[in-house]
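The structure appears below as structure tokens.
Readers should treat all values here as calculations from the given coordinates under stated rules, not as data from a laboratory. None of the values given here were measured: they were computed from a predicted structure. Cβ placement follows ideal geometry from the backbone for every residue including glycine, while neighbour counts extend to all protein chains displayed.
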Amino acid sequence: MSRLARRALLALAATGLAAAPVAAQQYPARPITMIVPFAAGGPTDTVARLAAEAMGRDLGQTIVVENAGGAGGTIGAQRVAQARPDGYTLLLHHIGMSTAPTLYRRLAYDPVGGFETVGLVTEVPMTLVARKDFPANTLAEAIAVIRRDKEKLNYANAGIGAASHLCGLLLMKAVDTPMTTVPFRGTAPAMQELLAGRVDLLCDQTTNTTEQINSGAVKVFSVTTPQRLSPLPNVPTSAEGGLPEFQITVWHGLYAPKGTPAAVTQRLSQALQVALRDPKLVARFAELGTAPVAQEMATPDAHRRFWQADTAKWRPIIQAAGQYAD
Ligand code: MLT
């Protein structure tokens, strides 16, 4: 290569390197896409749209929420892991980010190394609900029906690795009885089937079940938290219903593709922290049985530490169940 060409290449590289901080300084210069790896209208979608609206106001840019469901959330996660690391494609996902690395052994993307963390968002309780004419009115009665009818019962979930799948794992382990599981692209379509009476049981987050429970459209047997929830004061905890080990909450976090500049993830974390103080978001979260995480958890480092610890927690649970997605 001639000396002139080499000097031109070095000058170009320098420009390119110099451009990175400038791009980060101008970020965001255009609308951002936030991928939700489950169907629209479900609990993850609900959290994402509330966060996206409030973050967009702080960033001065629209955040467009796009649903990419399937395979327990791994389809949408793959989309983001393989996107340009420029801060314009984000992932809002939940506890499935801790379980996919163990459940899925042949993913086309790195389920841990493929992402930069931005911050935790919220931790949502779950509820065990049934179709309105299910032949039980308490958790103890529901357990008796599960033990009697076994695989004749259809348990709906959003695919292997979804929160509804993990909740079902814990339930079937606690009652030591399998049921037939019916997967959907999210628990919004699963809820539609439950309301229509075409499936029997669903364990889903309060962000998708609170209003159905309070309107009497579904039966409810327990909340999966140590304490009762203020929007569902008459719903007993699993422990009160005689199944103390049936407890799970669903944490949600925000991610960007690996290699996204730290200046960009820091700016996003700052907008997330502002969003989590937004009175409209806080009030709507409370109506749906949840709350924003503490501000110090909505940071890249705190999120990554939490995610690493939760992945290590779920690995032996999944390995003991011996159920893998591939
Ligand atoms: C959803 O948003 O559809 C749910 O989070 C799916 C699941 O994880 O159960």
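Peptides 104-111, 219-226, 192-199 ranked from most to least packed, by the mean per-residue count of other Cβ atoms within 10 Å: 219-226, 192-199, 104-111. Restricting the calculation to alpha carbons of the chain gives Rg and Dmax of 21.5, 83 angstrom.
Let me make sure I get this right: for segment 203-326, a, b and c are the square roots of the gyration tensor eigenvalues over alpha carbons, sorted descending. Under 1.5 in a/c it's rounded, otherwise prolate if a/b > b/c, else oblate. Which is it? Note, shape of segment 203-326 comes out oblate. Rounded to whole Å, give me the distance from the Cα center of segment 77-109 to that of segment 122-159. The two parts, judged by their Cα centres, are 30 Å apart. When the pairs LYS152/LYS219; LYS132/LYS313; LYS173/LYS219; LYS152/LYS313 are compared against a 28 Å limit on Cα-Cα distance, LYS132/LYS313; LYS152/LYS313 fall above it. Taking 7 Å steps out from each Cα toward its Cβ at GLN227 and ARG147 produces label points 3.2 nm apart.
The packing ranking, built from the mean of other Cβ atoms within 10 Å per residue, places the peptides 113-125, 309-321 in the order 113-125, 309-321, highest first. Positive contributions from Lys and Arg (+1) and negative ones from Asp and Glu (-1), summed over other residues with Cβ under 12 Å from the Cβ of VAL264, come out at 0.
For q values of 0.11, 0.23 Å⁻¹, compute log₁₀ I(q)/I(0) with the Debye formula on a Cα-only model of segment 125-223, without solvent. Calculated log10 I(q)/I(0) at the listed q: -0.25, -1.28.
The mean sequence distance of close C-alpha pairs (under 8 Å, at least 6 residues apart), as a share of the length of the chain, puts its relative contact order at 27 percent.
Computed extension gain for ARG3 through ALA309, at 0.36 nm per residue and net of the alpha carbon distance, reaches 104.9 nm.
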